[in-house]
Amino acid sequence: MILIGRYLSPFVRRVGVTLNWLEIPFEHLSLSPGTDGAKVRPYNPMNKVPAVVLDSGEILIDSALILDSLLETTPGQTLLPASGLARRDVLQRSGIMTSALDKAVAALYEKTKRPQEKIHQPFLDTLTEQALAGVNQIETLVADGQFGSVSEATLADITAAVGYSFIRATLPEVISSESHPALASLASSFEATDAFKACRLKA
Ligand SMILES: N[C@@H](CCC(=O)N[C@@H](CS)C(=O)NCC(=O)O)C(=O)O
């Protein structure tokens, strides 16, 4: 299996961490759509990451679809329940963070991809507020005991920890251990695991 994309992308990173968590070997091509478009497009003509090449040669894109496929084909995995309310709950809590990450990535692009004079501050503020609203929901749920621990991890925990670290690194005005202590603590325990350490944020 091959994973395409840099771990700076939280979507790529949650796939890489999950592969490590499940002890599935893979090759990592650390490519950026911004600077390596010609190398990314053969895997995804839209020049987006992550993409995964399965051992069968099939190419999958989008972290949600990639993870669904990986988990579905890994017997005995415990990151995502097979069906029912428990499954919906893990997907919903993962989805809150991935939605916040969509907004955080858009805010980062708004800040970094435009000439300074073309940044539209009201739009940037809206994106930042949307990302913050998502991480605030996660903070409340973590503080309420609705997230797990390293020993009983689910996809929601991995996604929350990856999301915290990404937003903390790229939009530090949105999130910190002071503003989101429960989520920061969860992220810190997951970042200490080998699965996370093998996917360094900037690699
Ligand atoms: N919904 C997608 C989001 C992927 C995404 O936004 N990837 C970003 C990197 S973080 C990307 O490839 N951006 C390049 C672009 O949109 O031009 C997923 O979950 O994989």
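When we screen S99, S189 for residues that are among the small types (G, A, S), surrounded by 13 or more Cβ atoms within 10 Å (Cβ to Cβ), in contact with a Gly (Cβ under 6 Å, 6 or more places away or on another chain) and more than 20 Å from G34 (Cβ to Cβ), the only hit is S99. Out of curiosity, is P122 more than 16 Å from the ligand (Cβ to nearest atom), loosely packed, with under 12 Cβ neighbours inside 10 Å and outside any helix (DSSP H, G or I)? No: the conditions fail for P122.
Residues that are in contact (Cβ under 8 Å) with a residue 60 or more places away in the chain, in contact with a Ser or Thr (Cβ under 6 Å, 6 or more places away or on another chain) and either within 26 Å of P81 (Cβ to Cβ) or assigned to a helix (DSSP H, G or I) (or both) do not occur anywhere in the range 127-134.
Annotation: of all residues in the range 47-58 being more than 13 Å from the ligand (Cβ to nearest atom) and of a type in the set (A, V, I, L, M), the one that is nearest to S9 (Cα to Cα) is V53. In this entry, L31 is excluded by the filter for residues that are more than 27 Å from L171 (Cα to Cα) and surrounded by 16 or more Cβ atoms within 10 Å (Cβ to Cβ). Of all the listed residues (L70, L79), the sole one being within 15 Å of the ligand (Cβ to nearest atom), crowded, with 17+ Cβ neighbours inside 10 Å, of a type outside the set (F, W, Y) and more than 22 Å from A169 (Cβ to Cβ) is L70. For the range 1-46, the set of residues classified as away from the ligand (no atom under 12 Å from the Cβ) and in a strand (DSSP E or B) consists of I2, E27, H28, L29, listed by residue number.
Each value in this text was obtained by applying a stated rule to the coordinates, not by laboratory testing. Everything numeric in this text was worked out from a predicted model, so none of it was measured. Here the Cβ is made from the backbone with ideal geometry for all residues, glycine too, and neighbour counts use every protein chain on show.
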